[in-house]
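The values are calculated or read from the model by the stated rules, or taken from the named source; none is laboratory data. If you're wondering where the values come from, they're calculated on a predicted model, not measured in any experiment. Every residue, glycine among them, receives a Cβ derived from its backbone with ideal geometry; neighbour counts consider all protein chains shown.
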Amino acid sequence: MWQMVSSDIWQGFRRFLPGSVAIAAFATAALYFIYRVFCRHALPVHGFRRRGPLFFLGMMYAAYVFQIAFLSREPGSRDLVDLRIFIWEKSLRSRAYVLENVLMYLPFGLFSRWVWAVRHCRPDPRHLPPVTPPSSLGSATGPAHDAPPAQATSGLVRRPSQAVWVVCGILPCIVAALLSSLCIEVAQLVTKRGYFQVNDIVMNTCGAILGWAIGAIMTIIMRIVIKIFSCTP
């Protein structure tokens, strides 16, 4: 079964990865052009440089999923509806399809985890006040050192408790994965390029949840490693 999964993934990479890279490169270049022409005065260029690689990877993933869902089968070859869920048949090929549906949405969960962490746990540099030179702060005993100015923290995004942060972070990921997978299944049914299977929607959503959890674990490990090395004399 795992040989079937690895073979299918390899064949998908060979067929659709070059086209996905080309589409992502074109979309990133077009976005950079629009950014430079229309948004360079509103947003700093280094913001695009930080988020450009992630946009490229996201576009490459979206193009790859689109090709897998709609270009890997002949039009009009499949038009059935299967409403069963949690199907685990005896056929190794059917089991391989179930695992592939889970693996296909792993990157979706990873991207959702990164976007949520960046959006809700870091300050927005555009809302931060300018840095005041130390010479203009007055003496060490003056009122300027009694307390930081109120506007100094106006651009910071307060992080909620850990439980609330996890729940509010994973719920949008689940909803987005569910809706996107549902759209794919409906489009496959309309174009007759794939069966409408509720089990595929469930497995895609499970894959997104698993990807989100993997991203959270990777973040915790990175924080522990950084903390260990920062404490090393």
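Residues are listed down the side, and each one gets a yes or a no for (1) of a type in the set (Gly, Ala, Ser); (2) at negative phi; (3) exposed (fewer than 13 other Cβ atoms within 10 Å of the Cβ):
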| position | (1), (2), (3) |
| --- | --- |
| Met4 | no, yes, no |
| Asp8 | no, yes, no |
| Leu17 | no, yes, no |
| Val21 | no, yes, no |
| Phe26 | no, yes, yes |
| Ala29 | yes, yes, yes |
| Tyr32 | no, yes, no |
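Given the residues Val65, Val98, Val81, which is the only one that is at negative phi, modelled with pLDDT of 80 or more and in contact with a Ser or Thr (Cβ under 9 Å, 6 or more places away or on another chain)? Reasoning before the result, please.
Details: Val98 fails: in contact with a Ser or Thr (Cβ under 9 Å, 6 or more places away or on another chain); Val81 fails: in contact with a Ser or Thr (Cβ under 9 Å, 6 or more places away or on another chain).
From the options Val65, Val98, Val81, the qualifying one is Val65.
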